[in-house]
């Protein structure tokens with residue numbers, strides 16, 4: 001049950017930047033195979049980026065917000081994964097997402113050292129403000145010598161979403177976001193153009 005295009009392709013100018021195209025489901029081949037059981041597996045949940053939180057600029061401590069004050073910049077580049085429904089057809093109790101998120105990261109002039117921590121989260125808006133609807137993750141990033149830009153894919157992640165008569169899998173929305181501070185989110189929403197990335 002592969003998920004479709006990258007998150008960059010799913011971005012839309014809306015509050016949650018959610019995909020307008022439903023992602024592929026596991027049972028698609030079996031559904032058209034006359035020799036297979038006539039069981040149609042639902043589509044995967046809709047996955048997208050939280051608006052204004054798909055990129056982040058980290059500055060060194062202090063008031064400076066010039067390009068010379070940048071420690072690093074990062075941006076979510078996409079994801080790969082699949083989903084699996086748990087339970088009986090017509091009464092699924094859970095959908096399990098297995099995802100790997102990819103990032104692009106640039107080291108800035110104000111960086112001290114070549115190892116940094118990148119934090120991000122995956123959330124189901126339906127559960128807000130409950131804490132069990134949000135899972136945080138951290139990736140340790142090490143820049144090789146003489147390289148100030150890296151693109152990498154983090155370790156596989158498993159997200160379990162409970163289903164019931166009201167919450168169905170295909171209608172469930174999932175967002176991926178960098179873990180921004182309030183100041184970082186305000187900076188992203190401003191007209192400031194202090195960015196290493198061109």
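Read-outs: derived from the displayed coordinates by stated rules, not from any lab. The structure presented is a predicted model; accordingly, all values stated were derived computationally and were not measured. Glycine gets a Cβ as well: all are built from the backbone with ideal geometry, and neighbour counts include every protein chain shown.
Points 7 angstrom from Cα along the Cβ direction at residue 96 and residue 189: gap in nanometres?
Using points 7 Å along Cα→Cβ, the separation is 3.8 nm.
Given R₀ = 30 Å, what would the calculated FRET efficiency be for residue 114 paired with residue 160, taking r from the Cβ atoms and rounding to 0.05?
Working: r = 35 Å, r/R0 = 1.18.
That gives a FRET efficiency of 0.25.
Round to the nearest 0.05 the FRET efficiency obtained for residue 88 and residue 179 when R0 = 45 Å and r is the Cβ-Cβ distance.
Calculated value: 0.75.
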